[in-house]
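The values are calculated or read from the model by the stated rules, or taken from the named source; none is laboratory data. What you see is a predicted model; the values in this text were computed from it and never measured. Neighbour counts are summed over all protein chains in view; Cβ atoms, including those assigned to glycine, are modelled from backbone coordinates with ideal geometry. The accessibility values were calculated without ligands, DNA or RNA, using every heavy atom of the protein model including side chains. Shrake-Rupley method; radii C 1.70, N 1.55, O 1.52, S 1.80 Å.
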Amino acid sequence: MSKRILLALGVLLVAGVVAIFLWKRSKIEKMMSENEVPKYTSTTMPQIYYEIVDNMDTTLLYSRNELMIPYLEWRVKANPDDLNLQFELGIQNIFYGTTEKGIQILEALEKNPKFMNDEKNKEKKGKETSWSTLDSLEQFIALGYLRLGEQSNCINNHNDESCVFPISGGGVHTIKTPVENAITRYLKIIEKDPHDYLSIWLLNVACQANGSVPPEVPKELIIPASRIPNEYNIKRFNDIAVDLGVDNTGDAGGIALDDFDNDGYNDIIDGSSRLKGQIRYFHNNGDGTFSDWTEKSKLTGAFEGLGMMQFDYNNDGNMDFLVTRGGWKAKAGFLPPSLYRNNGDGTFTDVTIEAGLLHFLPSQTAEAADIDLDGDLDLFIGHEFNTHSKLYLNNGNGTFKDITAEAGVDFEGFIKGVSFGDYNNDGYPDIYLSDFGNPNRLYKNNGLNENGIVTFTNVAKEAGVENPIWSFPCWFFDYNNDGWEDIYISAYKPGYIINSCREFMGLPMDSNMFPRLYRNNGDGTFTNVAKETHIQYESFTMGCNFGDLDNDGWLDFYQSIGAPDYRAIFPNRMYHNFEGKYFQDCTLSGGFGQLQKGHAVGFCDFDYDGDQDIYTDFGGFFYGDVFQNSLFENPGHGNHWINVKFEGVKNNHFGVGCRVKLTFKDNGTTRSTYFDIGKGASFGSNPIRLQAGVDKATVIDSMEVIWPAGKVKQVFKNVPVNKMYLCKEGATELTPLSINSIVFKTMERRMAEGDSSLMNMHMHMNM
């Protein structure tokens with residue numbers, strides 16, 4: 001290791017490094033320069049990306065402790081009497097996932113009078129935490145034991161109940177020593193500070209993992225079952241990702257769910273937040289299994305991808321995908337995106353440069369729509385840390401043109417979510433943006449000006465949709481089926497670490513941290529109805545998406561909860577839509593309360609049985625904060641459905657932006673549902689098609705489709721339900737698709753057939 005790297009790594013020797021790089025924004029922004037382009041000599045992608053990463057100053061990344069540990073070990077060896085170096089080494093081992101070693105180092109310091117009696121280590125530090133070094137020592141040892149219990153039980157001996165809140169059944173730890181030690185440690189911490197509510201929360205998690213509350217734990221510290229909501233009894237969705245080999249154990253990542261090889265079945269592309277985290281492509285074999293096609297598809301060496309989205313940029317009928325890079329990485333986020341062209345033969349090629357998309361700004365989110373209604377998909381890429389986002393016009397020849405300034409969307413911001421929708425029903429796609437730490441933006445599409453350029457005007461203030469100031473993912477959807485698209489936007493304020501457990505603990509909640517559900521009033525304004533729809537809860541919403549869990553014709557949604565902080569161990573949440581009136585928490589009954597950090601979410605009918613399964617990326621940012629992704633199999637709820645793939649002629653090939661209205665009789669009552677075809681939320685990805693439930697309807701009386709370019713309208717009458725169709729632009733009839741439903745080959749089903757080969761996968765899983 002060079003002296004330059006060793007010296008550089010020394011800068012990172014602080015336990016609160018996450019807070020420094022993520023939330024002390026004023027300090028970070030002074031480091032930023034939008035015109036600063038990383039130095040490179042390569043002329044092709046992804047080689048340019050590789051060169052930038054290989055030459056990167058590692059002090060810029062808070063999570064790259066794979067280099068910090070050897071550096072610290074070298075320093076400790078050279079300075080064995082420097083106990084603070086040993087303290088940092090212990091913490092970094094916990095972050096890295098070498099948890100037992102980290103605990104051993106910290107417990108040795110706990111027994112060292114010199115360290116424990118050092119007055120400097122007793123001093124309270126920090127305005128927000130007011131913790132001393134000794135307080136941190138206690139917290140990290142307790143957290144280390146809790147994490148060690150998760151690694152030993154939930155990862156190495158994983159089952160579909162592992163780390164699912166409230167922990168019970170198969171989720172209870174069989175290797176109990178780590179969690180028993182965590183309980184003992186947290187009791188001592190709480191005795192010193194009875195108002196340390198986060199430690200009280202983690203004590204409850206530890207007691208659940210233990211399977212019982214030890215007698216020494218005071219009853220008043222245990223969260224009563226009455227505070228764990230179960231407002232709707234939905235059937236349980238079992239997590240079968242490990243069985244199918246699509247768990248991709250690792251860190252945070254984006255996902256793209258779609259049919260990438262045009263065989264009729266939806267596949268999975270899963271990203272990573274690590275600079276050299278391999279993007280993986282899991283092919284749906286159409287027989288209840290998946291295969292890893294990463295190498296076969298020539299995606300080996302395709303890295304990063306905390307943000308990811310699919311779209312057919314060149315209208316050739318093959319689904320391409322875009323990787324946005326640099327999310328949360330501050331100055332280290334000056335990385336190029338990658339546009340991967342689907343070659344139609346099962347392989348992908350990086351065409352970023354030739355498409356005109358090579359630039360170097362930190363990003364996590366992007367979205368595509370036909371903003372000028374010329375039949376191809378244009379692209380908005382949201383950028384972070386007070387840099388300018390980009391709006392690209394599709395030239396129709398495989399290239400894009402930057403029209404940010406002339407279109408009127410040239411601003412500095414911290415964009416964490418972007419969604420296209422037509423809020424005023426004028427046929428032109430508008431843009432809603434989550435501007436983290438700033439008022440959010442709603443750009444009205446004005447259509448083409450006298451020069452033939454599409455322009456936008458920010459109307460967020462007039463529309464009443466600027467809040468919450470601290471926000472993250474967002475989307476347009478018609479939650480109440482009135483024909484006007486509504487807006488959901490989550491709240492997210494890092495550093496406010498307790499906000500996802502206040503509800504469970506009966507503590508007052510901060511209304512600034514509630515998500516917003518903006519009901520479209522149909523007159524250009526919106527009303528926040530989060531309270532009346534029963535979703536006013538604090539949450540660290542990292543990713544989320546929407547779909548129809550039970551095919552009742554009302555759109556539900558899933559919140560993926562998380563934060564970089566190692567203590568952020570909170571349940572993900574699922575909400576069921578009750579007839580467009582309010583939402584019901586069905587996390588408990590559905591088995592959705594995974595405690596590990598949630599990121600991108602997609603609702604997708606992988607097995608073509610008509611109901612939507614859910615794929616979620618789990619894992620944090622530090623090397624040790626990894627977990628398996630989940631594929632929640634929908635058990636079915638007896639309602640009817642329709643699944644439609646679109647094929648444009650004058651419009652974009654897959655029908656992005658098509659407006660669909662289904663009218664049917666449900667138990668004798670005529671009603672309609674409304675959809676805008678797209679991938680869903682700004683941090684997640686549904687397949688680009690119609691997946692719609694129609695409840696008890698036996699036939700769809702009318703299916704109306706309006707294509708964006710030319711506003712061509714098709715109407716199909718008396719459409720049979722429980723079928724898959726192709727809707728081709730201009731056709732007078734829907735074309736039935738002969739794609740068979742499949743049965744997932746889970747471990748349980750294979751074993752019932754006499755195959756026990758998957759047992760070893762569950763019992764001997766490596767991190």
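Before moving on, here are some points about what is shown:
- Within the stretch 640-659, considering residues that are outside any loop (DSSP other than H, G, I, E, B) and not hydrophobic (A, V, I, L, M, F, W, C), the one nearest to Ala731 (Cα to Cα): Glu647
- Note on the stretch 35-78: among residues that are of a type in the set (Asp, Glu) and over 17 Å from Ser273 (Cβ atoms), the one that is modelled with the highest pLDDT is Glu51.
- Residue tally, condition closer than 23 Å to Ile469 by Cβ and in contact (Cβ under 8 Å) with a residue 60 or more places away in the chain, over the stretch 383-411: 4
- Scanning the stretch 539-558 finds one or more residues that are open to solvent by less than 30 Å² (accessible area, probe 1.4 Å), outside any strand (DSSP E or B), in contact with a strand residue (DSSP E or B) (Cβ under 9 Å, 6 or more places away or on another chain) and over 25 Å from Asp611 (Cα atoms).
- Hey, Leu89 open to solvent by less than 70 Å² (accessible area, probe 1.4 Å), under 28 Å from Lys114 (Cα atoms), in contact with a helix residue (DSSP H, G or I) (Cβ under 9 Å, 6 or more places away or on another chain) and at pLDDT 65 or above or not: yes
- Considering the stretch 259-290, the residues that are surrounded by 24 or more Cβ atoms within 10 Å (Cβ to Cβ) and of a type in the set (Asp, Glu) include one that is nearest to Asn157 (Cα to Cα), namely Asp270.
- Test for Pro571: is it more than 30 Å from Ile141 (Cα to Cα) and open to solvent by less than 10 Å² (accessible area, probe 1.4 Å): no
- Residue selected from the stretch 288-311 under the condition among the polar types (S, T, N, Q) and assigned to a loop (DSSP other than H, G, I, E, B), by the criterion farthest from Asp613 (Cα to Cα): Thr300
- Among the residues of the stretch 112-166, those identified as more than 25 Å from Thr98 (Cβ to Cβ) and touching a Pro at 6+ places or on another chain (Cβ under 9 Å) are Val164, Phe165, Pro166.
- Residue list for the stretch 652-664, filter: within 17 Å of Asn480 (Cα to Cα), surrounded by fewer than 24 Cβ atoms within 10 Å (Cβ to Cβ) and not hydroxyl-bearing (Ser, Thr, Tyr): Arg659, Val660, Lys661
- Being over 28 Å from Asn686 (Cβ atoms), among the hydrophobic types (A, V, I, L, M, F, W, C), open to solvent by 10 Å² or more (accessible area, probe 1.4 Å) and within 23 Å of the chain's Cα centre (by Cα) holds for only one residue in Ile175, Ile222, Ile167, Ile200, and it is Ile167.
- Given (1) touching a Lys or Arg at 6+ places or on another chain (Cβ under 7 Å); (2) closer than 23 Å to Asp239 by Cα, number of the condition Asn157 does not satisfy: (1)
- The listed residues are Asn318, Asn233, Asn314, Asn238, and the only one of them that is surrounded by fewer than 24 Cβ atoms within 10 Å (Cβ to Cβ) and under 30 Å from Ile200 (Cβ atoms) turns out to be Asn233.
- Some residue of the stretch 185-206 being out of contact with any Lys or Arg (no Cβ under 6 Å at 6 or more places or on another chain), among the charged types (D, E, K, R) and within 24 Å of Ile240 (Cα to Cα): no
- Residue among Glu231, Glu216 that alone is at pLDDT 95 or above, within 30 Å of the chain's Cα centre (by Cα) and over 25 Å from Asp617 (Cα atoms): Glu231
- From Lys101, Lys120, Lys114, Lys125, residue being among the basic types (Lys, Arg) and touching a residue at least 24 places away in the same chain (Cβ under 8 Å): Lys114
- Subset of the stretch 436-445 (residues that are closer than 21 Å to Thr525 by Cβ and either buried (at least 19 other Cβ atoms within 10 Å of the Cβ) or without any contact (Cβ under 8 Å) to a residue 24 or more places away in the chain (or both)): Asn440, Arg441, Leu442, Tyr443, Lys444, Asn445
- Considering Ser273, Ser199, Ser168, the condition of being over 30 Å from Tyr615 (Cα atoms) and in contact (Cβ under 8 Å) with a residue 40 or more places away in the chain is satisfied by Ser199 alone.
- Being open to solvent by less than 10 Å² (accessible area, probe 1.4 Å) and part of a loop (DSSP other than H, G, I, E, B) is true of Val246.
- Residues of the stretch 666-705 classified as among the polar types (S, T, N, Q), touching a residue at least 24 places away in the same chain (Cβ under 8 Å) and part of a strand (DSSP E or B), total: 5
- Among residues of the stretch 706-738 being of a type in the set (D, E, K, R) and touching a residue at least 24 places away in the same chain (Cβ under 8 Å), the one that is farthest from Ile642 (Cα to Cα) is Lys711.
- Test for Asp430: is it within 16 Å of Leu373 (Cα to Cα) and without any contact (Cβ under 8 Å) to a residue 40 or more places away in the chain: yes
- Checked against the criterion of being touching a residue at least 60 places away in the same chain (Cβ under 8 Å), out of contact with any Ser or Thr (no Cβ under 6 Å at 6 or more places or on another chain), not in a loop (DSSP other than H, G, I, E, B) and not β-branched (Val, Ile, Thr), the stretch 506-518 has no qualifying residue.
- Members of the stretch 99-119 that are surrounded by 15 or more Cβ atoms within 10 Å (Cβ to Cβ) and either of a type in the set (Gly, Ala, Ser) or not in a helix (DSSP H, G or I) (or both): Gly102, Asp118
- Per-region count, the stretch 432-445, residues part of a loop (DSSP other than H, G, I, E, B) and more than 18 Å from Ile381 (Cβ to Cβ): 2
- Subset of the stretch 525-538 [open to solvent by less than 20 Å² (accessible area, probe 1.4 Å) and in a loop (DSSP other than H, G, I, E, B)]: Val529, Ala530, Thr533, Ile535, Glu538
- Qualifying positions in the stretch 446-488 - outside any strand (DSSP E or B), crowded, with 19+ Cβ neighbours inside 10 Å and of a type in the set (A, V, I, L, M): Ala460, Ala463, Val465
- When the stretch 723-767 is limited to residues that are modelled with pLDDT under 85 and in contact with a Gly (Cβ under 9 Å, 6 or more places away or on another chain), the one that is least open to solvent (accessible area, probe 1.4 Å) turns out to be Met761.
- Residue in the stretch 618-629 that is open to solvent by 10 Å² or more (accessible area, probe 1.4 Å), on the phi < 0 side of the Ramachandran plot and not in a loop (DSSP other than H, G, I, E, B) present: yes
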